[in-house]
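Accompanying notes for the structure given below.
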Amino acid sequence: MRTINDRNILDAVCTSFCSVLEKHVKYIVVSGFVAISSGRTRGTEDIDVIIERLPSEQFEKLHEALAGAGFECIQGHDPKMLYADYLKDNLGVRYVLKDHLLPEMEVKLAKDILDEYQFERRVKLPLTGLDIWFSSVNANIAFKEELLKSDKDLEDARHLRAVYAEQVDENEVGKLKQLIREWRLR
């Protein structure tokens, strides 16, 4: 698996992509890129983004705006098909800068109370130096420790706990882990 370790490339692609999202939809960047942008050294092939639920027509406008900004969806160019065959079924669609293979920006629609909870608590993390919306540190830790659990995810969680020690709220992490068990692991 090929990954990108260059923070400059990852930051530039993510910032450019999120600047388009910002004009059309509420979003959060989640998972590995939160740890990477907070100083963890590791590669990635994608940056995960959750956007608020939106109707097909609004997604079509977003898709066209992304295309106008130089992004293309690797699963196809027809936004109606992308919405019907992927997003509607809680599957991600992946965008790349034209003529580039990586990094991929993987976009999924919010699907449940957990995603809504994350939107309500989205934050900009000054440590990253990026003007983008992230899911909270507590949410990222909870998902990585309770749901994802790979060695890479557990190391990401350890890194976030160390870097954001003052922001980690164990009560909130515990509450989120309970919600994960109720909504994602049932």
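The values are calculated or read from the model by the stated rules, or taken from the named source; none is laboratory data. What you are looking at is a predicted structure, and each value in this text was computed from that prediction instead of being measured. Note that we place each Cβ from the backbone using ideal geometry, even for glycine, and neighbour counts take in every protein chain shown.
Things worth noting here:
- Count of residues meeting criterion [farther than 20 Å from Val13 by Cβ and either of a type in the set (Ser, Thr, Tyr) or surrounded by 20 or more Cβ atoms within 10 Å (Cβ to Cβ) (or both)] in region 33-91: 6
- For region 27-53, residues that are under 17 Å from Lys111 (Cβ atoms) and touching a strand residue (DSSP E or B) at 6+ places or on another chain (Cβ under 7 Å) total 10.
- Contact map, region 28-47: first residue without any contact (Cβ under 8 Å) to a residue 24 or more places away in the chain, second residue of a type in the set (Asp, Glu), Cβ cut-off under 8 Å, separation 6 or more or different chains; pairs are Phe33/Asp48.
- Residue match in region 25-33 (condition: closer than 29 Å to Lys152 by Cβ and in a helix (DSSP H, G or I)): yes
- Contact map, region 120-149: residues that are closer than 13 Å to Glu172 by Cβ paired with residues that are of a type in the set (S, T, N, Q), Cβ distance under 6 Å, separation 6+ or inter-chain. Pairs shown: Arg121/Ser136; Val123/Ser136; Ser135/Gln118; Val137/Gln167; Ala139/Gln118.
- Region 34-70: number of residues that are in a strand (DSSP E or B) and either at pLDDT below 95 or more than 27 Å from Thr128 (Cα to Cα) (or both): 1
- Annotation note: of Val137, Val173, the sole residue that is within 17 Å of the chain's Cα centre (by Cα), of a type in the set (Val, Ile, Thr) and buried (at least 17 other Cβ atoms within 10 Å of the Cβ) is Val137.
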